[in-house]
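Remarks on the structure that follows.
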Amino acid sequence: MTELLKTLCALPGPSGCEDAVRDYIRKAAKPFADEMKTDAIGNLMVFRKGKTALERPVVVCAHMDEVGVIIKKITDDGMLKFGFVGGVDPRVVIGRAVRFGDVTGVIGIKAVHLTTAAERRTMPKTKDLYIDIGAATRAAAEDKVALGDFGVFDSAVVEFGDGLIKAKAIDDRVGCAALLTLLQDEPPVDTWFCFTVQEETGLRGAASMAYALDPGFAFVLEGTTAADLAEVTDGKAVCRVRGGVVLPFMDGATIYDAGLFELLRDACIKRGIPWQTKTRISGGTDAGRIHKSRAGVRVCAAAAPVRYIHSPASVAAVSDCEAVLAAARAFLEELGGETE
């Protein structure tokens, strides 16, 4: 699964422009699909017939999109003013490379010797940043890019240290990689494997997907914030890299189904899958929209803990990513009445 994750992380796919990711997944999933469709908003939904069928379909989903940038203005001297697509901390992007198709740029800010003492004590705002694509004039820049163009961080995928991986977009290409891997098995129950769009900008794709499929159960695979850094103690770490798959019971958008949480937790314990839960209630996943669809949907989730999430250099443990896959497989086995 690691090589698949690396390939997926390298693809560009900011919210609203997930085409490259969707095209790759569609091609990889086609040999195993009994049915495949893409809706008007861009969700890719792949059905695989299982050994048994439930009264209402089962959905396992992950989002294809990543955080990025969008061009809002081109200055007379050829610089790009931009906004973030999704939630990005401006502190982590200064001096970082971004890419608009084949055009590379660097995010810059006013030189430190030109700042005031007050400016140096405050966090930079997005309006104070710009992207330098090497153009000398507005006309030169307009030959390369246009207003409304989406960009992504230009960051190499690297394995390093004791089983870690560094890349952009681990949130949520780790979920996509797990889904694609799981799709190759004959599932214990009829299952829709759904790759959603625009999660980072308001869980938008999940809403239309859930309405269309009207599932009885939904299982969301994600990447989630890990703050297990030097000198961060107790619950402030939220969850820990190398600590196993994260099974949340609540976040800022969802109270997860207690029965499904217990089923998933017990399934991990029974199979020896390392797991943990979050010590801070924050953030949200596609479950936030799915569980409110139509007459309601029972939801649960599993996530890989990711340091420096929504940055050009997110970090996760290969073992945690594999635990996400194992938890997803265990969930479907339990729904199908299978045990090891």
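The values are calculated or read from the model by the stated rules, or taken from the named source; none is laboratory data. Treat the numbers as computed from the prediction; the structure is a model and nothing was measured. Here the Cβ is made from the backbone with ideal geometry for all residues, glycine too, and neighbour counts use every protein chain on show. Only protein heavy atoms, including side chains, enter the accessible area calculation; ligands, DNA and RNA are left aside. Shrake-Rupley method; radii C 1.70, N 1.55, O 1.52, S 1.80 Å.
With no solvent and one equal point scatterer per Cα, compute the Debye intensity ratio I(q)/I(0) for the stretch 183-256 at 0.18 Å⁻¹ and report its log10, rounded to two decimals.
Calculated log10 I(q)/I(0) at the listed q: -0.95.
222 nm [θ] for the chain, helices only, -39500 (n - 2.57) per DSSP H run of 4+, per residue, to 500?
Estimated from H runs of four or more residues: -7500 deg cm²/dmol.
Could you please state how large a percent of the accessible area of the stretch 237-340 is carbon and sulfur, counting protein chains only and using a 1.4 Å probe?
Looking at the stretch 237-340 in its full context, I get 52 percent from C and S.
Below 16 Å, Cα to Cα, which lysines can LYS49 reach? Residues fewer than 8 away in the same chain don't count.
The reachable lysines, counting only those whose Cα sits under 16 Å from LYS49, are LYS30, LYS37.
Compute the Cα gyration tensor for the stretch 225-282, then decide on rounded, prolate or oblate, letting a ≥ b ≥ c be the square roots of its eigenvalues: rounded whenever a/c is under 1.5, prolate when a/b is larger than b/c in the other cases, and oblate in all that remain.
Oblate is the answer for the stretch 225-282, as a/c is 1.5 or above yet b/c matches or exceeds a/b.
Treat every Asp and Glu Cβ in the stretch 221-321 as -1 and every Lys and Arg Cβ as +1, leave all other atoms uncharged, and give the resulting dipole magnitude about the Cα centre to the nearest 20 debye.
My answer is approximately 180 debye.
Rounded, prolate or oblate: which fits the stretch 209-340 when a ≥ b ≥ c are the square roots of the eigenvalues of the alpha-carbon gyration tensor, with rounded for a/c under 1.5 and prolate only if a/b beats b/c?
oblate
How tilted is helix 258-271 with respect to the longest principal axis of the chain? Cα atoms for both, answer in degrees (0 to 90, nearest 10).
Helix 258-271 sits at roughly 80 degrees to that axis.
Only four residue types carry charge here, +1 at the Cβ of Lys and Arg and -1 at the Cβ of Asp and Glu. Report the dipole size of the stretch 75-117 about the Cα centre in Debye, rounded to the nearest 20.
160 debye
I'd like the GluC sites (Glu not before Pro) in the stretch 1-89 restricted to DSSP loop residues with at most 13 other Cβ atoms within 10 Å, sorted by number.
Within the stretch 1-89, the qualifying GluC sites (Glu not before Pro) (loop, at most 13 other Cβ atoms within 10 Å) are GLU55.
Can you tell me, using C-alpha contacts under 8 Å and at least 6 residues apart, the relative contact order of the stretch 22-86 as a whole percent?
So the answer I get is 20 percent.
Viscosity 0.890 mPa s, temperature 25 °C: give me the Stokes-Einstein translational D for the stretch 133-197 in µm²/s, with Rh taken as the Kirkwood radius over C-alpha pairs.
Approximately 153 µm²/s, per Stokes-Einstein.
Report the full-extension gain for the segment ILE269 to LYS127: residue separation times 0.36 nm, less the Cα-Cα distance, to one decimal in nm.
Additional length available on full extension: 46.3 nm.
With the Cα gyration tensor of the chain giving a ≥ b ≥ c as the square roots of its eigenvalues, does the rule (a/c under 1.5 for rounded; else a/b larger than b/c for prolate; else oblate) give rounded, prolate or oblate?
The shape class here is prolate.
I want the antiparallel fraction of DSSP beta bridges within the chain, as a percent rounded to 5.
65 percent
Taking the Cα centre of the chain as origin, sum charge times position over the Cβ atoms of Lys and Arg (+1) and Asp and Glu (-1), and report the length of that vector in debye to the nearest 20.
720 debye
Less than 14 Å Cβ to Cβ from GLY296, Lys/Arg counted +1 and Asp/Glu -1: what total charge do the surrounding residues give?
Net charge around GLY296: +3.
Which lysines, if any, have their Cα less than 30 Å from the Cα of LYS125, not counting same-chain residues under 8 positions apart?
LYS72, LYS73, LYS81, LYS110, LYS144, LYS166, LYS168, LYS236, LYS278
Sort by residue number and name the cysteines in the chain that have no neighbouring cysteine Cβ under 4.7 Å.
CYS9, CYS17, CYS176, CYS239, CYS268, CYS300, CYS321
Report relative contact order for the stretch 261-340 in percent, whole number only (criteria: Cα-Cα under 8 Å, sequence separation at least 6).
This gives 35 percent for the stretch 261-340.
Given an 8 Å cut-off on Cα distances and at least 6 residues of separation, report the relative contact order of the chain as a percent.
Dividing the mean separation by the residue count of the chain yields 23 percent.
Under 12 Å from the Cβ of THR104, count the other residues' Cβ atoms, weight Lys and Arg +1, Asp and Glu -1, and hand me the total.
For residues surrounding THR104, the net value is 0.
Which of SER208, VAL157, VAL69 sits farthest toward the positive end of the charge dipole of the chain, with +1 on the Cβ of Lys and Arg and -1 on the Cβ of Asp and Glu?
VAL69
Test of the criteria: in the stretch 47-128, which trypsin sites (Lys or Arg not before Pro) are in a DSSP loop and have at most 15 other Cβ atoms within 10 angstrom of their Cβ?
LYS49, LYS51, LYS110, ARG121, LYS125
Compute the accessible area per residue over the chain, keeping the other protein chains in place, probe 1.4 Å, unit Å².
Spelled out: the 1.4 Å probe surface of the chain, per residue, equals 43 Å².
Counting only protein heavy atoms and using a 1.4 Å probe, what share of the accessible area of the stretch 122-218 belongs to carbon plus sulfur, as a whole percent?
Within the stretch 122-218, the accessible surface is 51 percent carbon and sulfur.
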